[in-house]
Amino acid sequence: MSLRIGHAIDAHRLASGRPLMLGGVEVPSERGLAGHSDGDAAAHALCDACLGAAGLGTMGDRFPSGDERWRGVAGREFLARVARLLEEGGARLLSAQVALVCSEPRLAAHLQAMGEAMSVALGVPAGTVTVTVTSGDGLDAAGRGEGITASAVALLELRS
Ligand code: MG
């Protein structure tokens, strides 16, 4: 057995007329994340952190945005697919944290639900995935409310 850490970042713009899907849950908001899929930056960052730690490539390799198969696909679905890849690759997710930069809407009341939804999608025990948020203090595009940035760290155990 060996332990591996993965770290990844994703960001999507906020746009009017879309539901805000983040961390596998819908958050009440006048704007949602734009993207070829549902734009769930938290799920995407977590997928990439898991794939990277396991040496299984990237979201871009596995689910290219130019491929119509992945149009509108939910973050939870990507997490479920990553969970199968981890299993096939002899990897097990022990712990993960997603840190969000988001000035609006306020996400504090939704963080626990996001962690639970992403844990369920990955097929790991509740509490395995946790989520935090910072407002970004107006300092960058996410801090100014133009989008949402997600950074994820994952700790995996590899059978080998
Ligand atoms: Mg993405």
Do you know which residues across region 13-24 are surrounded by fewer than 22 Cβ atoms within 10 Å (Cβ to Cβ) and in a strand (DSSP E or B)? ARG13, ALA15, SER16
Those residues of region 114-160 that are of a type in the set (A, V, I, L, M) and in a loop (DSSP other than H, G, I, E, B) come to a total of 5
How many residues, within region 97-127, are at positive phi and polar (S, T, N, Q)? 0
Answer yes or no as to whether ARG92 is part of a helix (DSSP H, G or I), surrounded by 13 or more Cβ atoms within 10 Å (Cβ to Cβ) and not hydrophobic (A, V, I, L, M, F, W, C). no
Scanning region 5-46 residue by residue, those acidic (Asp, Glu) and closer than 20 Å to THR132 by Cβ turn out to be ASP10, GLU26, ASP40
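Yes/no per residue for (1) more than 16 Å from the ligand (Cβ to nearest atom); (2) among the hydroxyl-bearing types (Ser, Thr, Tyr); (3) within 21 Å of GLY115 (Cα to Cα); (4) assigned to a strand (DSSP E or B):
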{"site": "ILE9", "(1), (2), (3), (4)": "no, no, yes, yes"}
{"site": "GLY35", "(1), (2), (3), (4)": "no, no, no, no"}
{"site": "LEU51", "(1), (2), (3), (4)": "no, no, yes, no"}
{"site": "GLY57", "(1), (2), (3), (4)": "no, no, no, no"}
{"site": "ARG84", "(1), (2), (3), (4)": "yes, no, yes, no"}
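Each reported figure results from applying straightforward, stated rules to the coordinates on display, with no laboratory input. Computed from a predicted model, the values in this text were never measured in an experiment. Cβ coordinates were reconstructed from backbone atoms using ideal geometry, including for glycine residues, and neighbour counts include every protein chain displayed.
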